[in-house]
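This report concerns only the one structure given below.
Just so it is clear, none of the values below were taken in a lab; they were calculated from the coordinates. This is a predicted model, so every value here is computed, not measured. Quick reminder, even Gly has a Cβ in these numbers, built from the backbone with ideal geometry, and neighbours come from all protein chains shown.
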Amino acid sequence: MNLENIDAEKWLDLGLEYGLKIIGAILIWIVGSWIIKKLVNTSRKLMAKGDYDQGLQSFLLSLISWGLKILLIVTILPTIGIPITTFAAIIGAAGLAIGLALQGSLANFAGGVLILLFKPFKVGDYITGSGESGTVKEIKIFTTELATPQNRKVIVPNGPLSNSNITNYSANELIRLDMVVGVSYDDDIKKTKEVLMNVLTSNPKVLKDPAPMVAVTELADSSVNFAVRGWVKNSDYWDVHFENTEAIKLQLDAAGIEIPYPHSVEIQKQA
């Protein structure tokens with residue numbers, strides 16, 4: 001008997017057996033991935049028709065995609081000779097280690113769920129949270145994507161974000177623009193108030209109701225400070241801010257009202 005022939009036949013049989021299993025697993029993965037893609041696309045269309053929040057859509061679609069992929073992997077394992085019971089035992093044994101290693105990720109997942117449940121913000125809102133500011137572009141399973149005013153992409157973990165103080169500048173339709181203007185002590189208060197109020201009332205983007213307000217807010221070391229406040233639509237905030245800043249300087253100059261600035265004082269020692 002030729003031992004080499006026996007070994008060759010043994011390896012050929014093993015190759016055929018496992019080769020067919022691997023080919024079958026690949027085919028199942030290809031077909032399963034195609035089905036998952038179709039299911040995710042169908043879910044996306046149904047959510048769009050149901051007028052779901054965009055952030056919730058993104059979160060649920062990611063969850064559905066990952067859940068189906070895990071189910072597909074569990075389905076493929078028996079075809080390559082790995083029993084599901086063995087796989088479950090391995091997962092169970094590694095569960096503690098995985099849980100400890102993924103504490104941050106699990107916290108981020110929980111944070112994402114809390115954000116979508118309580119909705120402190122939605123896609124399109126401008127927020128400040130976890131030390132970052134920007135427009136919310138996408139709420140994912142583990143992270144939230146922001147775009148800064150400079151159009152920089154910022155990825156914020158959902159765990160710290162959900163546990164931080166969140167300021168949502170887009171939550172309300174109207175927002176108050178607060179400015180502080182300091183003028184010289186030598187200038188007339190009533191005249192200054194008239195000039196500043198004229199800046200507010202002459203800007204069509206500053207609302208008449210609620211009414212704008214100008215008031216003396218502080219007698220500072222080198223200036224009398226005025227609070228200049230007007231209500232605007234959220235979308236007009238920065239336009240009005242820049243327009244009023246320029247108009248205040250121009251109109252105060254035209255009225256002969258001085259905006260003081262620090263002067264260096266040279267102190268001479270007496271001999």
What's the local net charge at Lys153, with K and R +1, D and E -1, over the other residues with C-beta under 9 Å away?
+1
For Glu243, Glu194, which order do you get if you count the other beta carbons within 10 Å of each Cβ and list the fewest first?
Glu194, Glu243
Taking other Cβ within 10 Å of each residue's Cβ, how do Lys49, Lys21 sort, fewest first?
Lys49, Lys21
Taking only Cα atoms of the stretch 174-254, the Rg to Rh ratio with Kirkwood Rh works out at 0.96
For Ile257, Ile70, Ile26, which order do you get if you count the other beta carbons within 10 Å of each Cβ and list the fewest first?
Ile70, Ile26, Ile257
In the stretch 108-168, what is the volume of the convex hull around the alpha carbon atoms, normalised per residue and reported in Å³?
62
For a quick check of your reading of the filter: which trypsin sites (Lys or Arg not before Pro) in the stretch 165-271 sit in a DSSP loop and have no more than 16 other Cβ atoms within 10 Å?
Lys205, Lys208, Lys269
Per the charge dipole of the stretch 174-254 (beta-carbon charges, Lys/Arg positive, Asp/Glu negative, Cα centre), the residue among Pro212, Met179, Ser222 reaching farthest to the positive end is Pro212
For the pairs Lys21/Lys69; Lys49/Lys208; Lys137/Lys193, flag any whose C-alpha to C-alpha distance is greater than 30 Å.
Lys49/Lys208; Lys137/Lys193
